[in-house]
1. Restricting to the range 70-102, name every residue that is open to solvent by 20 Å² or more (accessible area, probe 1.4 Å), within 51 Å of the chain's Cα centre (by Cα) and β-branched (Val, Ile, Thr).
2. Against the conditions (1) buried (at least 19 other Cβ atoms within 10 Å of the Cβ); (2) among the small types (Gly, Ala, Ser); (3) modelled with pLDDT under 80, where does ALA193 fall short? Just the number, please.
3. Got at least one residue in the range 195-202 being polar (S, T, N, Q), touching a residue at least 24 places away in the same chain (Cβ under 8 Å) and either closer than 28 Å to PRO252 by Cβ or not in a loop (DSSP other than H, G, I, E, B) (or both)?
4. For the range 230-265, give me each residue that is in a helix (DSSP H, G or I), out of contact with any strand residue (DSSP E or B) (no Cβ under 7 Å at 6 or more places or on another chain) and within 25 Å of GLU192 (Cβ to Cβ).
5. Which residue is farthest from HIS277 (Cα to Cα), if the candidates are limited to the range 318-343 and must be in a loop (DSSP other than H, G, I, E, B) and either of a type in the set (Gly, Ala, Ser) or in contact (Cβ under 8 Å) with a residue 60 or more places away in the chain (or both)?
6. Would you say SER125 is in a helix (DSSP H, G or I), touching a Cys at 6+ places or on another chain (Cβ under 7 Å) and surrounded by 12 or more Cβ atoms within 10 Å (Cβ to Cβ)?
7. Mind checking which residues of the range 42-69 are assigned to a helix (DSSP H, G or I), open to solvent by 30 Å² or more (accessible area, probe 1.4 Å) and closer than 19 Å to PHE130 by Cα?
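The values are calculated or read from the model by the stated rules, or taken from the named source; none is laboratory data. Keep in mind that what you see is a predicted model, and the values were worked out from it rather than measured. Heads up, the Cβs are rebuilt from the backbone with ideal geometry, glycines too, and the neighbour counts pull from every protein chain shown. Accessible surface areas use protein heavy atoms only, side chains included; no ligands, DNA or RNA. Shrake-Rupley method; radii C 1.70, N 1.55, O 1.52, S 1.80 Å.
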Amino acid sequence: MKFNWKGLIFFFLLYFFVGDPLRELIMVGQTDILIYDDGFKDICLMQTSLWVFFLYCLMAYSCLYFFFPRKQWMLCIGGILLSFLLPIGVRYLIQEIWFDQWFGFTNYPKGISAMSYIRDNLYFSFRFVFFGLFYYLITFSFDKEKREKGLRIANQKMELSLLRSQINPHFLLNSLNNIYSLVYHQSEKSLEALDTLCGLLKYSLYETKETVSIREEMAYVEQFISLNRLRFSYPLVIELEVEEAITDVLIPQFILVPLIENAFKHGELKDPTMPLHLQIRKEREGITIRVRNKIGYHVRDATGGIGLDNLQKRLELIYGEAHQFRIEESAEKFSVSLYIPML
């Protein structure tokens, strides 16, 4: 938090010349704070009083600025007490001693006792010291909220980056397992699989962006499907349905593959009556993505998976409560649907 002396001056002048006269006008029916003749005496007293009143604010604000964040409570309390008294002494020195010596006039009647002078000026002390304290607490509160918001955003970006960094190793591990199986069985498809994997890794490593068009992401999905087709001895039943009108709409990168990957890993993809179906279409002011597949009966990978959990966390960080993520599972069918607002 910076020492905001310019803001303090601005709001002090606004309070002194606008807010305070309005308060007196409403409560008393008249105000005399701006009423004085053009005499030299009145100008001198007005200007010096104005600067002394600002000194109350400045000292109180400075006291909290330097001691409050460090929790130096004794210095803070001592500084506030000094803020009440020191400007009174400064005003007395200028208006009651120097003006008397230089110009022959004073603000108060000559011979006023110190206690009477202090008691009368405490009214101004309380008003402007508390103004300085209040201004600091308000700016401190706004600055704290701004810093906390910035910290939350930084943490979210770091967490989002971490989640995205998990995508490539997860995908690479599964792909290498598939290619290993092809090589182990001396399949002619192994070289084609390696070539496809290189294309996918190029997209993942050198073409990473915050957002991509649906068309770009679908090209990646189709390559991913092609790579996975190579490890099956039978044709896969897969349907891709994307509205042509929204292919240029931007979506977060790598949000489609976890949905398809989950279906490949745990689904049954050879039943023509229940294909792996991906649908992307415009709905309301956003995009709806649905994936459904028949549940397979093969034993699941003992290592489990991070795809869908990872995806859900990423969507929460990017969209907050503006997105919807729903998983439905029955005896035979598994489906995932998500809604995201258009970027």
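1. ILE77, ILE80, VAL90, ILE94
2. Here ALA193 meets the rest and fails (3).
3. yes
4. Selection gives VAL257, PRO258, GLU261, ASN262, PHE264, LYS265.
5. Once the filter is applied, the top-ranked residue is LEU343.
6. no
7. Across the range 42-69, the qualifying residues are TRP51, LEU55, LEU58, MET59, TYR65, PHE66, PHE67.
Conditions (1) open to solvent by 30 Å² or more (accessible area, probe 1.4 Å); (2) among the β-branched types (Val, Ile, Thr); (3) closer than 25 Å to SER190 by Cα, marked per residue:
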position: TYR220; (1), (2), (3): no, no, yes
position: SER226; (1), (2), (3): yes, no, yes
position: LEU230; (1), (2), (3): no, no, yes
position: GLU243; (1), (2), (3): yes, no, no
position: ILE255; (1), (2), (3): no, yes, no
position: GLU261; (1), (2), (3): no, no, yes
position: ARG284; (1), (2), (3): yes, no, no
position: ILE287; (1), (2), (3): no, yes, no
